[in-house]
1. Residues in segment 264-277: is at least one at positive phi and surrounded by fewer than 16 Cβ atoms within 10 Å (Cβ to Cβ)?
2. It is to be established whether one or more residues within segment 37-45 are exposed (fewer than 12 other Cβ atoms within 10 Å of the Cβ), part of a helix (DSSP H, G or I) and modelled with pLDDT of 80 or more.
3. Any residue at all in segment 289-298 that's loosely packed, with under 13 Cβ neighbours inside 10 Å and out of contact with any strand residue (DSSP E or B) (no Cβ under 9 Å at 6 or more places or on another chain)?
4. Among the residues of segment 250-290, write down those that are of a type in the set (S, T, N, Q) and touching a Phe, Trp or Tyr at 6+ places or on another chain (Cβ under 9 Å).
5. Scan (1) surrounded by 16 or more Cβ atoms within 10 Å (Cβ to Cβ); (2) over 16 Å from His251 (Cβ atoms) for the single condition Val321 breaks and write down its number.
6. From Gly340, Gly362, Gly313, which residue is under 28 Å from Ile51 (Cα atoms), in the same structural domain as Arg209 (by TED's automatic domain parsing) and in contact with a Gly (Cβ under 7 Å, 6 or more places away or on another chain)?
7. If the requirement is being in contact (Cβ under 8 Å) with a residue 40 or more places away in the chain, within 30 Å of Arg60 (Cβ to Cβ) and of a type in the set (A, V, I, L, M), which of these qualifies: Ala360, Ala331, Ala366?
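The values are calculated or read from the model by the stated rules, or taken from the named source; none is laboratory data. These figures come from a predicted structure and were not determined experimentally. Here the Cβ positions follow ideal geometry from the backbone for every residue, glycine too, while neighbour counts run over all protein chains shown.
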Amino acid sequence: MYDGERNYYDVLEARRNCSIDEVRAAFRRMSLRYHPDRDSSPEATARYREILQAYTVLSRPESKARYDRATAERVSVAYDGPRASWGGPPLDEDDDEADEDADGSGKGFWGVCLGCLEQIGVAIIVLFAIWLLFALGAAAWDAIQADPPPTPPATAAIPWTDPTPEDVASIIQQVETAAAAVPASVTATVPTPTRAASLSVVDIVDKARPSVVRIIGEDGAATGFVVDAEGYILTNHHVIEGGERFTAVMHDGARLSAHVESEDPARDIALLKVKTNRALTPLAFAKSLREGEDVVALGYPVDLIGSMTVTRGIISAIRRVNGIELVQTDAAINPGNSGGPLLNDRGEVVGMNTFVHLEAQGIGFAVSASVLEARLRVMR
């Protein structure tokens with residue numbers, strides 16, 4: 001975890017031993033600066049990989065604590081001079097020796113006394129707790145003995161008589177008469193749950209093509225998709241970070257002016273609005289997600305000119321990262337795909353493509369449809 005050379009706090013440009021909330025804020029700031037969608041140079045990619053590695057260690061309490069201990073031990077071993085108190089001058093070595101008692105234990109007289117008092121106090125508390133438990137148990141036992149549970153009243157036995165042959169014949173006759181009265185055409189039907197038919201990849205692309213747009217800003221291009229016929233378009237926050245005016249290019253080449261309507265940096269979501277008289281086709285959100293389900297990722301990667309790119313894969317896992325539900329997929333997600341839709345085999349949005357794991361292959365992540373739907377209700 002700690003390589004002894006670079007400091008992960010310096011990588012994130014955060015102060016040493018800061019809180020996890022400050023680490024997350026620093027990660028968002030640094031990842032937006034060096035994200036491949038903003039800067040695809042080899043230097044920025046290498047720096048972004050370092051930022052991910054630092055965030056992986058410092059964003060979790062256990063690994064952050066181990067890292068802080070490792071760096072503290074390194075600093076402690078590297079410093080051979082006299083130790084200093086917090087904010088004060090170095091301590092005199094003679095003063096240390098004066099505080100030690102005769103046996104060299106390093107504790108002064110009053111330190112020994114305080115230690116003894118602490119041990120006596122703990123022993124008294126333990127004894128009191130044992131006595132209290134014993135007293136409560138004894139009181140409960142006395143209450144049970146003094147008030148035993150009531151005895152249920154006796155019930156009279158129901159007399160039993162063996163049925164006569166006449167009784168059996170009468171029951172059989174009644175059953176045969178009732179069965180004969182049921183129409184032969186009556187059959188039982190069990191309703192079965194219905195599910196929309198699966199589409200081929202070609203049909204999914206044709207269905208979604210009018211809804212997927214290229215987002216062009218001052219710092220580059222990415223992807224978005226229509227979520228409302230009134231002109232609302234969803235994309236990633238890191239796509240529009242620092243900009244105000246953007247152009248949404250439709251599948252037929254039409255260019256629409258767009259502005260930022262609302263932002264949610266914590267979940268990397270942004271909502272754009274375009275003004276147009278043309279009919280817009282919004283994509284529908286999936287109501288459920290299943291691991292192993294086939295998915296298709298759509299987008300305009302790496303500034304390629306022309307139609308959008310289509311990649312396919314499956315939902316590899318559904319994870320929660322920092323309280324946000326993410327869909328993990330092995331469908332290829334490249335720089336520029338950010339903000340594009342991840343669709344199931346019915347053409348419904350299961351997530352919005354957001355980022356990939358740079359140190360692995362086939363590990364991409366999309367903000368889940370449930371998160372997008374919930375935030376969209378607030379952001380519109």
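1. Taking every residue of segment 264-277 in turn, none turns out to be at positive phi and surrounded by fewer than 16 Cβ atoms within 10 Å (Cβ to Cβ).
2. yes
3. No, segment 289-298 contains no residue that is loosely packed, with under 13 Cβ neighbours inside 10 Å and out of contact with any strand residue (DSSP E or B) (no Cβ under 9 Å at 6 or more places or on another chain).
4. Answer for segment 250-290, where residues must be of a type in the set (S, T, N, Q) and touching a Phe, Trp or Tyr at 6+ places or on another chain (Cβ under 9 Å): just Ser257.
5. It is condition (1) that Val321 fails.
6. Gly340
7. Among Ala360, Ala331, Ala366, only Ala366 is in contact (Cβ under 8 Å) with a residue 40 or more places away in the chain, within 30 Å of Arg60 (Cβ to Cβ) and of a type in the set (A, V, I, L, M).
Per-residue answers, yes or no, for (1) surrounded by 10 or more Cβ atoms within 10 Å (Cβ to Cβ); (2) modelled with pLDDT under 85; (3) in the same structural domain as Gly253 (by TED's automatic domain parsing); (4) in contact with a strand residue (DSSP E or B) (Cβ under 7 Å, 6 or more places away or on another chain):
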site	(1), (2), (3), (4)
Ala135	yes, no, no, no
Ala146	no, yes, no, no
Thr161	no, yes, no, no
Pro183	no, yes, no, no
Arg214	yes, no, yes, yes
Val227	yes, no, yes, yes
